[in-house]
Amino acid sequence: MQHVKNSEWQNRTAVTTFILLGFGNVEDLNILLFSLFLAIYVVILSGNVLIVVLVMVEQHLHTPMYFFLANLAFLESCYTSTILPRMLASFVTRDKTISLLGCVLQMHFSSTLGATECYLLAAMSYDRYLAICKPLHYATLMNERMCILLVSVSWTNGLLLITILTCLVSQLNFCNQYIIDHFFCDFTPMVRLSCSDTQVAETAAFITSSIGILPTFLITVASYVFIITTILKIPSITGRQKAFSTCSSHLTVVSIFYGSLIFVYVLPTTEKFKDLNKVFSFLYTILTLMANPFIYSLRNKEVRSSLRKLVYQFWWFSVIQKKIMHL
């Protein structure tokens, strides 16, 4: 009897390496996909790093709105770096394997950053609500202490919620199935492969997803309902059109991000929605991250002005340096 138990235990812990299928059998398209995703990665990193640098060096950008934007840009640089480098390497080496530990760590960091982004987006919408709907009290309510508090709570809550899931996933056993039909290690694809009882982990995932996604989504929606209501009261047609244009771009990205998250993490997971799950995961992990720097910041006049100033200073410094070298 003891020998049988030991054999079962060995079988249940035998799988220590997974295969990430990614986008399926696309060996002939590896070079094209590598080039495409490398370009996307460069755009995301350069756009977000540029935002962080501008906010740090430009004094007039030291405001709550840009403080949140800089944090979001830093987060999204980290977020995309947990997924795309591994994907790019698989296109080059054609090696789709990943260790169990590596898979759990990728799930932990990507999910933590995703949950944190939900809170940051809610904080940003609350900031805009105060600025537009409560302008006389904005400086008092959204002071430096409040900004740091909101960002700290965002990171802390995101970390705590996902750490619970990571602990539960790390205790699962994986038997004979080792192929993950996804392009990165995520909670749902991993749980599907487990031969353990996953009810506790799935229940915890539903609860933490509801705590992390739904409340922040409702805060964002409520904030923009009040913002739009206030905008409608602006007497100038030009002013209303300008405000609506900015809000519509932001709301489009937020809607795609939250809609994808709710579909992936809150709705029940079935075989019927498995392929759609991968599509929606691609939307919120890659496409929205590529669009965010342009929609949130680089279309902003203050940011463009600061960027031109920074480029001019860099150019002028290069010219002076060349002249000094020729002397």
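The values are calculated or read from the model by the stated rules, or taken from the named source; none is laboratory data. Keep in mind that this is a model prediction, so the values were computed, not measured. With ideal geometry, Cβ positions are generated from the backbone for all residues, glycine too; neighbour counts draw on all protein chains shown. With ligands, DNA and RNA removed, areas are computed over all heavy atoms of the protein, side chains included. Shrake-Rupley method; radii C 1.70, N 1.55, O 1.52, S 1.80 Å.
Express the carbon and sulfur contribution to the solvent-accessible surface of region 131-249 as a percent, rounded to the nearest whole number, probe 1.4 angstrom. List each step's numbers first, then the result.
Details: 4410 of 6570 Å².
Carbon with sulfur: 67 percent of the solvent-accessible area.
Given N residues in region 68-169, what is its alpha carbon radius of gyration divided by 2.2 N^0.38 Å? Kindly include the intermediate steps, with their values, before the conclusion.
Values: Rg = 17.5 Å, N = 102, 2.2 N^0.38 = 12.8 Å.
Dividing the Cα Rg of region 68-169 by 2.2 N^0.38 Å gives 1.37.
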(request) Express in % the proportion of alpha carbon pairs of region 16-79 at distances exceeding 16 Å. (result) 60
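Give me the extension gain from Glu27 to Phe226: residue separation times 0.36 nm, minus the current Cα-Cα distance, reported in nm with one decimal.
Values: separation 199, 0.36 × 199 = 71.64 nm, distance 5.02 nm.
Between Glu27 and Phe226, full extension yields 66.6 nm more.
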(message) For His60, His108, His182, give me the order by solvent-accessible area with a 1.4 Å probe, most accessible first, ignoring ligands, DNA and RNA.
(response) His60, His108, His182
(request) Treat each spin label as a single point 7 Å out from the Cα along the C-beta direction, and report the Leu136 to Ala39 distance in nm. (result) 5.3
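Working out 0.36 nm times the residue gap between Gln241 and Val279, then minus their Cα-Cα distance, what length gain in nm do you get to one decimal?
Working: separation 38, 0.36 × 38 = 13.68 nm, distance 3.31 nm.
Once the chain is fully extended between Gln241 and Val279, it gains 10.4 nm.
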(request) Give me the distance in nm between label points sitting 7 Å out from Cα along the Cα-to-Cβ direction at Ile207 and Thr63, one decimal. (result) 4.2
